[in-house]
Amino acid sequence: MGGLVALEGPDGSGKSTQLCLLREVLEGRQLDVVWTREPGGTVIGEQIRTVLHDLANDAMLPITEALLYSAARAQHVAEVIRPALARGALVITDRYAASTLAYQGYGHGLDIDMLRQITVLVTGGVIPDLTIYLDLPAERGLERKLVDRSAGQGEWNRMDQQALVFHRAVRAGYLEMAQAETERWLVLDADDTMQAIHQQIMARIEPLLT
Ligand SMILES: Nc1ncnc2c1ncn2[C@@H]1O[C@H](COP(=O)(O)OP(=O)(O)O)[C@@H](O)[C@H]1O
Ligand SMILES: [Mg+2]
């Protein structure tokens with residue numbers, strides 16, 4: 001048994017929800033499963049996460065973002081993922097390298113090949129055995145956000161419009177990566193019911209448990 005599973009998808013797509021459902025099932029079994037997340041998963045990584053999420057850092061450049069996520073990932077792979085895989089554990093991470101390619105690459109327009117090289121550098125080539133991508137149209141993601149933020153003010157402003165273009169590019173990037181590696185990616189409709197999504201995830205993870 002063992003391997004690396006990454007959950008990907010926009011904020012609000014249901015990653016945390018699915019990790020929670022998965023955890024309920026897997027914790028009942030005698031399995032070595034490591035639950036982790038990016039950015040973070042290590043003491044240094046969590047410090048980097050704070051810098052990345054600080055709303056005061058609105059001047060942060062996409063390249064700075066890419067390098068900080070990558071720096072956190074280097075720690076994550078070295079301290080958590082690689083040792084766990086070496087002893088045969090199943091590692092399940094909330095986001096991984098595909099997020100950097102999707103957001104800083106396809107979203108912000110940084111060179112994808114350069115980001116892939118940085119990714120190889122920081123991961124030492126550790127790639128997920130399975131990436132589960134919770135796919136949500138950009139409009140739906142923003143809808144969920146708007147509903148959360150302002151109790152249903154449906155009007156688009158310039159920032160929302162920019163965000164929509166950005167999130168469309170991110171989604172297109174995820175789908176392109178998934179189509180390029182269909183055997184390593186599972187694309188699921190994030191608008192499906194939580195239980196239906198959970199069943200499909202279980203069906204793909206089960207072979208990694210034996
Ligand atoms: N399949 C689903 N259908 C409808 N709502 C969902 C579904 N999965 C999750 N949600 C809801 O969407 C919100 C964001 O889910 P969450 O798991 O936190 O997403 P993420 O971790 O990807 O940001 C939560 O309120 C959650 O209850
Ligand atoms: Mg989450």
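Computed quantities for the displayed model
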quantity	calculated
Segment 121-145 - residue that is of a type in the set (A, V, I, L, M) and more than 17 Å from the chain's Cα centre (by Cα) and, of those, farthest from Tyr174 (Cα to Cα)	Leu121
Residues (part of a loop (DSSP other than H, G, I, E, B), of a type in the set (Val, Ile, Thr) and either free of Cβ contacts under 8 Å to residues at least 12 places away in the same chain or under 27 Å from Tyr106 (Cα atoms) (or both)) located in segment 158-210	Thr182, Thr193
Residue list for segment 1-46, filter: part of a loop (DSSP other than H, G, I, E, B), among the hydroxyl-bearing types (Ser, Thr, Tyr) and more than 8 Å from ligand 1 (Cβ to nearest atom)	Thr42
Segment 78-114 - residue that is within 16 Å of ligand 2 (Cβ to nearest atom) and aliphatic (A, V, I, L, M) and, of those, nearest to the chain's Cα centre (by Cα)	Ala98
Residue pairs meeting the criteria (Cβ under 7 Å; at least 6 apart or on separate chains; first at negative phi, in segment 70-97; second charged (D, E, K, R) and part of a helix (DSSP H, G or I))	Ala72/Arg49; Asp94/Lys15; Ala97/Arg73
Residues (within 12 Å of Tyr96 (Cβ to Cβ) and aliphatic (A, V, I, L, M)) located in segment 1-24	Leu4, Val5, Ala6, Leu7
Output for segment 5-49, where each listed residue is under 21 Å from Ala71 (Cβ atoms), without any contact (Cβ under 8 Å) to a residue 40 or more places away in the chain and either more than 13 Å from ligand 2 (Cβ to nearest atom) or exposed (fewer than 15 other Cβ atoms within 10 Å of the Cβ) (or both)	Thr42, Val43, Ile44, Gly45, Glu46, Gln47, Ile48
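The numbers here are math on the coordinates, done by the rules we state, and not lab data. Predicted model only: the values in this text are computed from it and were never measured. Every residue, glycine among them, receives a Cβ derived from its backbone with ideal geometry; neighbour counts consider all protein chains shown.
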